[in-house]
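Structure first, commentary second.
A short reminder: the numbers here are calculations on the coordinates, not readings from a lab. In this text the structure is predicted, and so the values were computed from the model without any measurement. Neighbour counts are summed over all protein chains in view; Cβ atoms, including those assigned to glycine, are modelled from backbone coordinates with ideal geometry.
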């Protein structure tokens, strides 16, 4: 079938742009359709969490984002007084980066453009139809209707996704039962420092410092929780709620952006329907607790990108494309559960002495390092582990996040392993010194596998016995082979064919 593009992505936010760039890395012809004329200056998301920073580091983007944001070493769970300590995580990205969403979007969009992604703005998609050969997309723009075709379409077009609706994928869960407010404002009398939160019988207030002397004020006010999400927020409403909850309006003035949001918790029944895929808010929405939403969407983009590229380039194993849903759906189901728990602790049911006592008890428990670490790995997404490869011998690393190894290459140069992922390829990391490696398979046919022989320049947990490991383009260990493996070359050959195709 002759098509205009191999992939059309509907939605040009951070998730859509990230996915487009991932596909372009693999030389896929990709187009992004975005209804807005330019990136909105209003930022729903404000944080890039540790695992997201790691995957952006793997693509060489972290330094650019650091120039635009502010690192803080803590996160939060339900705005409890005891914050989550990210500094103990085993990574150089052991912090949250406070950065407005529009700044993240700009960095990712610039990267996508540099890779040749075609971005068509002011193009609103109104219809999506697929058959066994491809997908037809109808978009309305300044020059009228455009009918475009592709082999695959990805909906990254938000909670009201036209792609999801046209594909007939049910959006299942619970609608909003309350609303909260937020405003990006000037505070003449802001808190002295940090990211403070206040919870009492009158409600909840969270305050986050922003660039240019502004602050984000988030409020859950029992007297305003029944107001519909569509009703605009006023400065006087924010001031009245601050006075009611804190007894002080903090000198609030000069609002830049104010909005209302709810606690709807919904997930697409499936992330794939034939040639159509969903990512980000098109696949799931939840109460924005812990700053996880955009982070999860970016992680989905990097999970789907290389798999879709593999299918288009003809080397994908027959199980690979469906693994996007099987891997990400349970991760996001757990995410929705943790945000619902946080909603309860935020006071969605009541602001009462009993809830305050519960919050105090949980806050005290988070002072136990092991408990704090458990939730820190959850919010940071360091706890994500995919199903180990049953075709390979078991190893503790299989399916786990690839940590930031420090390697000594054959030329005696030391290198951070994440720098080896800038091309978006698999990494076959051989930590032995077996010359037979080059004869195990015809590597000239595996351009999508970067073969590196090295040793560990610095010790790392669970890597001491590794002979060879295959790391996926999204930074998870496909499989690792122990030095005690009786026939390591055959295991490598088998593992390469299973994951990288029989080419």
Over segment 179-262, relative contact order from alpha-carbon pairs under 8 Å, at least 6 apart, %: 45 percent
Global form of segment 179-262, assessed from the alpha-carbon gyration tensor, a/c cut-off 1.5: oblate
Whole-number Å³ per residue for the convex hull built on Cα positions in the chain: 151 Å³
Helix axis angle, 369-380 relative to the chain longest principal axis, alpha carbon, degrees: 80 degrees
Angle in degrees between helix 293-313 and the longest Cα principal axis of the chain, rounded to the nearest 10: 30 degrees
Fraction of beta bridges assigned by DSSP in the chain that are antiparallel (%, nearest 5): 75 percent
Ranked by how many other beta carbons lie within 10 Å on average, peptides 459-469, 148-158 from highest: 148-158, 459-469
Shape call, segment 1-97: gyration tensor on alpha carbons, a/c limit 1.5: prolate
Volume in Å³ per residue [convex hull over Cα atoms, computed for segment 242-361]: 151 Å³
Within the chain, helix-based [θ] at 222 nm, where runs of 4 or more DSSP H residues each add -39,500 (n - 2.57), nearest 500: -9000 deg cm²/dmol
Equivalent ellipsoid semi-axes, segment 95-150, via Cα gyration tensor eigenvalues times 5, rooted, Å: 30, 15, 12
Protection proxy ranking of 471-479, 251-259 - average other beta-carbon atoms within 10 Å, highest first: 471-479, 251-259
Förster radius 35 Å - calculated FRET efficiency between residue 442 and residue 114 (Cβ-Cβ, nearest 0.05): 0.60
Residues 414, 500, sorted so that the one with the fewest Cβ neighbours within 10 Å comes first: 414, 500
Inverse of mean 1/r across different Cα pairs in segment 152-228, Kirkwood, Å: 15.7 Å
Calculated log₁₀ intensity ratio I(q)/I(0) where the Debye formula runs over C-alpha points of segment 406-500, q = 0.17, 0.21 Å⁻¹: -0.72, -1.14
Potential extension, residue 177-residue 358 segment - 0.36 nm per residue separation minus Cα distance: 63.0 nm
Folded to 0 to 90 degrees: helix 488-500 orientation relative to the chain principal axis, Cα: 50 degrees
Most to least packed among 444-453, 5-14 [average Cβ atoms within 10 Å]: 5-14, 444-453
Inter-probe distance in nm under a simple model that places probes 7 Å from Cα toward Cβ, at residue 37 and residue 458: 4.9 nm
